[in-house]
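The values are calculated or read from the model by the stated rules, or taken from the named source; none is laboratory data. The model shown is predicted, which means the values in this text are computed figures rather than measured ones. When we count neighbours, we look across all protein chains shown, and the Cβ atoms used for this are built from the backbone with ideal geometry, even at glycine. Ligands, DNA and RNA are excluded from the accessible area calculation, which covers all protein heavy atoms including side chains. Shrake-Rupley method; radii C 1.70, N 1.55, O 1.52, S 1.80 Å.
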Amino acid sequence: MPTQQPHVAPPASTSATTDNATRLESQPTSSAASASELASAKISLRAALRQFPDFPIPGIDFVDILPLFASHSLHTSLIRALELQVLLFNNSVKPDVIVGLDARGFLFGPSLALRLGASFAPVRKRGKLPGPTKEATFEKEYGQDFFQIQSDAVTKGQKVLVVDDIIATGGSAEAAGNLVKQLGGDLIGFLFILELDFLKGRDKLDAPVVTLLKDDMMGK
């Protein structure tokens, strides 16, 4: 009776080496493709912004981000761009929790959290959240204000990204970062759509700051 020759698999080390080499070769291409996709998205997103002079008071040129949410394609592009921005600036390390600031951080924070596989936690003005909360103060042009977060929104050691639509003086973002620290979270950064550079708000923040659209429309 003829004897069947056993199947001889290629050496595991050769296969593993080939797989590793393939992965290493593909990483720069993937990173370059993501950067290119992000740059293209920023052009279309920036073009959709609207500017309103003398709003809300004379001398202020207001940049309106709401058109980014009025169009399904722009909205989709915005969330994808924010996702790519997070991955590129943080070496592909994803946050465990997205903390969104009251109130425009709520516009895109939950959607971004879904894309990144993270949970979402809102930071709200005092008295708006039920149950036990932590509180932090921040300065506004007319005095102090107060932010709160639910005490179980972040678990000790979780990586947290704070998001909002715009950074101006940085006070509210700083307060949100302080809340994250009170809960024992690892604050890995802040992400904004727009920034008022001349107010130097990022100087108050003690974690990396990234702005999606560094907009020249928002002049000094």
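Give me the net charge of Arg115's neighbourhood, meaning all other residues with Cβ under 11 Å from the Cβ of Arg115; Lys, Arg count +1, Asp, Glu -1.
After counting each charged neighbour, the total is +1.
Hey, which aspartates and glutamates would be in cross-link range of Lys134, C-alpha to C-alpha under 12 Å, not counting anything within fewer than 8 residues on its own chain?
Output for Lys134: Asp152.
For Val99, list long-range residues whose amide hydrogen, built 1.01 Å from N in the peptide plane, is under 5 Å from its own amide hydrogen.
So Val99 has HN proximity to Ala121, Leu161, Val162, Val163.
Determine ³J(HN,Hα), in whole Hz, for all residues of the range 180-196 in sequence, where each value follows from phi through the Karplus function 6.51 cos²θ - 1.76 cosθ + 1.60 and θ = phi - 60°; x replaces Gly and Pro.
4, 5, 4, 8, x, x, 9, 6, 9, x, 10, 10, 10, 7, 10, 9, 8
Given a 1.4 angstrom probe, what's the average accessible area per residue across the range 80-193, in square angstrom?
42 Å²
Got a number for carbon plus sulfur as a percent of the range 81-134's accessible area, 1.4 Å probe?
Carbon with sulfur: 50 percent of the solvent-accessible area.
If you take every residue apart from Ala103 with its C-beta less than 12 Å away from the C-beta of Ala103, what net charge results, scoring Lys and Arg +1 and Asp and Glu -1?
Net charge around Ala103: +1.
At q = 0.16, 0.23 Å⁻¹, what log₁₀ I(q)/I(0) does a Debye calculation on the Cα points of the range 50-124 give, no solvent, two decimals?
With no solvent term, the Cα-only Debye profile gives -0.68, -1.05.
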